[in-house]
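Chemist: Let me begin by handing over the structure; questions about it come next.
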Amino acid sequence: AISPLTIHRPSARLGRAMIVSASYRTDIPAFYAEWFRNRRAAGFAMVRNPYGGKDYRVSLARQDVDAFVFWTRNAAPMLDDFARLHDEGTPFTVTMSILGYPKQLDARVIDTDTAIAQLRRIAAIHPRGGVWRYDPILVSDLTPPDWHRENFARLSGALAGVVDEVTISFATIYAKSRRNLARAFGGRESWRDPEAAEKRELLAELAAIARENGQRLTICSQPDLTGDGVEPARCIDSVRLADAGGRPFKAKTKGNRPGCLCAESRDIGAYDTCPHGCAYCYAVKRREKAIVFARDHDPATERLG
C-alpha cells in the first residue's frame with residue numbers, strides 16, 4: 001500500500017516555485033530512470049543547451065525543487081520512484097502518452113493495456129498524479145478521422161475513473177518528422193493536415209466522449225481550436241501540482257512556444273535520445289542514433305545528452 005503524504009515541505013524560495021520537467025525532450029522514465037536517480041542523489045544535473053551555448057546546471061536538491069513533471073510512454077521503471085516522491089512530500093505529475101497507433105507509426109512502445117495499468121498505479125499514488133495524452137493526432141491513411149473516433153472512445157472508456165484530463169493536439173509536421181513519416185509510409189506522403197473546420201468537428205466529438213468518461217479535453221498550444229468543450233492545456237500545471245502536494249504554488253506562466261500556457265520549469269532532458277521510434281516525433285532526427293545512444297548511455301554521467 002502507498003503511504004500517505006506525511007511531509008508538507010514549504011517552498012525553498014520566497015519567490016516562484018521551481019518545477020523540474022523530465023522531460024518533453026526525451027522519455028526519462030522509460031529509458032533513463034537510473035540516470036535520474038543518480039542525478040537526484042547527486043543533487044544536480046547538467047543540461048546541454050539545445051540552442052547552442054554552454055551547458056547549464058539544474059539543481060535537483062530537495063530544498064530547491066518544489067515539484068517534478070514527468071513525460072513518458074512507459075512509466076514502469078519509475079513507479080516506485082513516484083511513490084517515494086509522494087511519501088517525501090514532493091509533488092509530481094506524470095503525463096503519459098497512450099495512442100494505440102499501428103506499429104508502423106509506433107515501432108517500440110508498450111501496448112495500451114499495459115500503459116493503462118501503469119496510469120492506474122499512478123492514480124493509486126495520488127488521484128491527480130496522472131494525465132492521459134492523446135497527442136499528436138495524426139490523420140493518415142492508417143489513422144483517418146473515423147479511426148481516431150473509435151480508438152479514442154476505446155481508450156477513454158478504459159481510463160474512466162483513472163484520469164480526469166486528456167490532452168491532445170494535431171500533429172505539427174516538422175522537417176525531421178516529415179522524413180521519419182516518409183520512411184514509415186514507404187516514401188509516400190500518406191498523411192495530411194486537416195482543415196480547421198474538420199479538426200473542430202472531430203474535437204467536438206472527442207470532447208463529448210471524454211466528458212462521458214469524466215475527463216476534460218484540453219488542447220496543447222493550438223488556441224484557435226478551443227471551444228465546444230475543448231479547453232486550453234497547461235501541460236506543466238501548477239494547479240494540479242498544488243493539488244498533488246496539498247499546498248499552493250506561486251508559479252509564473254512561461255510557455256515554450258506561442259499558445260503554450262505551461263508554468264515555468266527547467267527541463268533536464270536532451271533531444272535525439274529517445275529510442276521509442278515514433279514516426280511523427282519532433283524530438284528525434286534519426287531513430288538509429290537514438291537507439292545507439294540509449295544502449296551506450298552511462299547512467300553515472302552528469303548530463304543526459
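Chemist: Exactly one of (1) open to solvent by 10 Å² or more (accessible area, probe 1.4 Å); (2) out of contact with any His (no Cβ under 8 Å at 6 or more places or on another chain) is unmet by ARG73. Its number?
Modeler: Against the list (1) open to solvent by 10 Å² or more (accessible area, probe 1.4 Å); (2) out of contact with any His (no Cβ under 8 Å at 6 or more places or on another chain), ARG73 comes up short only on (2).
Chemist: Next question. How many residues are open to solvent by 50 Å² or more (accessible area, probe 1.4 Å), over 30 Å from GLU198 (Cβ atoms) and in a helix (DSSP H, G or I) when one looks only at region 224-247?
Modeler: Let us first name the residues in region 224-247 that are open to solvent by 50 Å² or more (accessible area, probe 1.4 Å), namely 224, 226, 228, 231-232, 234, 239, 243, 246.
This time we only want the ones that are over 30 Å from GLU198 (Cβ atoms), so: 239, 243, 246.
Imposing the further condition that a residue be in a helix (DSSP H, G or I) reduces the set to 239, 243.
Residues meeting the conditions: 2.
Chemist: Six or more apart or on different chains, Cβ under 6 Å: which pairs go from a residue in region 271-284 that's at positive phi to one that's of a type outside the set (Lys, Arg) and surrounded by fewer than 22 Cβ atoms within 10 Å (Cβ to Cβ)? Could you list them?
Modeler: GLY277/ALA107
Chemist: Identify, by number, the condition in (1) in a loop (DSSP other than H, G, I, E, B); (2) touching a Phe, Trp or Tyr at 6+ places or on another chain (Cβ under 9 Å); (3) farther than 19 Å from CYS235 by Cα; (4) not acidic (Asp, Glu) that ILE110 doesn't meet.
Modeler: (2)
Here is a yes/no grid of residues against (1) over 22 Å from the mean Cα position of the chain (by Cα); (2) in a helix (DSSP H, G or I); (3) over 12 Å from TYR280 (Cα atoms):
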residue	(1), (2), (3)
TRP147	yes, yes, yes
ALA153	no, yes, yes
SER156	no, yes, yes
SER177	no, yes, no
ASN180	no, yes, no
ARG200	yes, yes, yes
LEU203	no, yes, yes
ALA208	yes, yes, yes
ARG211	no, yes, yes
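Chemist: Looking only at region 77-84, decide whether some residue is farther than 27 Å from ALA233 by Cα, modelled with pLDDT of 95 or more, buried (at least 16 other Cβ atoms within 10 Å of the Cβ) and touching a Lys or Arg at 6+ places or on another chain (Cβ under 6 Å).
Modeler: no
Chemist: Continuing with the same structure: So, of the residues in region 132-143 that are open to solvent by less than 50 Å² (accessible area, probe 1.4 Å) and not polar (S, T, N, Q), which turns out to be farthest from the chain's Cα centre (by Cα)? Let's see the steps before the verdict.
Modeler: We begin by selecting, within region 132-143, every residue open to solvent by less than 50 Å² (accessible area, probe 1.4 Å); these are 132-140, 143.
Cutting the leftovers down to not polar (S, T, N, Q) gives us 132-139.
Details: TRP132: 8, ARG133: 7, TYR134: 10, ASP135: 9, PRO136: 11, ILE137: 14, LEU138: 17, VAL139: 20 Å.
Per the criteria, the residue is VAL139.
Chemist: Enumerate the pairs (first residue in region 24-49 and over 16 Å from LEU85 (Cα atoms); second residue anywhere and among the polar types (S, T, N, Q) and in a loop (DSSP other than H, G, I, E, B)) with beta-carbon separation below 6 Å, excluding pairs fewer than 6 apart on the same chain, so at least 6 apart or on different chains.
Modeler: Taking only residues 6 or more apart or on different chains, the pairs are THR26/THR273; ALA30/ASN74.
Chemist: Another question about this same structure. Does region 97-114 hold any residues that are out of contact with any Leu (no Cβ under 9 Å at 6 or more places or on another chain) and closer than 12 Å to LEU159 by Cβ, and which are they?
Modeler: Taking region 97-114 and keeping what is out of contact with any Leu (no Cβ under 9 Å at 6 or more places or on another chain), we get 97, 103, 107-108, 110-111, 113-114.
Correct list: ASP113 only.
Chemist: Those residues that are out of contact with any Lys or Arg (no Cβ under 9 Å at 6 or more places or on another chain) and either open to solvent by 30 Å² or more (accessible area, probe 1.4 Å) or free of Cβ contacts under 8 Å to residues at least 60 places away in the same chain (or both), I need them from region 55-67; list them, please. Before the answer, list the steps.
Modeler: Residues of region 55-67 that are out of contact with any Lys or Arg (no Cβ under 9 Å at 6 or more places or on another chain), as a first pass: 57, 67.
ARG57 - this is the single residue of region 55-67 that is out of contact with any Lys or Arg (no Cβ under 9 Å at 6 or more places or on another chain) and either open to solvent by 30 Å² or more (accessible area, probe 1.4 Å) or free of Cβ contacts under 8 Å to residues at least 60 places away in the same chain (or both).
Chemist: State which residue pairs qualify: first residue among the small types (Gly, Ala, Ser) and inside region 247-258, second residue open to solvent by 100 Å² or more (accessible area, probe 1.4 Å) in any location, beta carbons under 7 Å apart, and separation of 6 or more residues or different chains.
Modeler: ALA251/ARG16
Chemist: Which residues, taken from region 285-304, are in a loop (DSSP other than H, G, I, E, B) and open to solvent by less than 10 Å² (accessible area, probe 1.4 Å)? Spell out how you get there, then give the answer.
Modeler: Of all residues in region 285-304, those in a loop (DSSP other than H, G, I, E, B) come to 285-286, 297-302, 304.
Once the filter is applied, which keeps residues that are in a loop (DSSP other than H, G, I, E, B) and open to solvent by less than 10 Å² (accessible area, probe 1.4 Å), region 285-304 yields only LEU304.
Chemist: Same structure, new question: So which residues in region 248-275 are open to solvent by less than 30 Å² (accessible area, probe 1.4 Å) and in a loop (DSSP other than H, G, I, E, B)? Full working, then the answer.
Modeler: From region 248-275, those open to solvent by less than 30 Å² (accessible area, probe 1.4 Å) are 260, 262-263, 267-270, 273-275; that's our starting set.
Those that are open to solvent by less than 30 Å² (accessible area, probe 1.4 Å) and in a loop (DSSP other than H, G, I, E, B): CYS260, CYS262, ILE268, GLY269, ALA270, THR273, CYS274, PRO275.
The values are calculated or read from the model by the stated rules, or taken from the named source; none is laboratory data. All of these numbers come straight from a predicted model, not from anything done at the bench. All Cβ positions, glycine included, derive from the backbone under ideal geometry; neighbour counts span all protein chains shown. We work out accessible area using only protein heavy atoms, side chains counted, and drop any ligands, DNA or RNA first. Shrake-Rupley method; radii C 1.70, N 1.55, O 1.52, S 1.80 Å.
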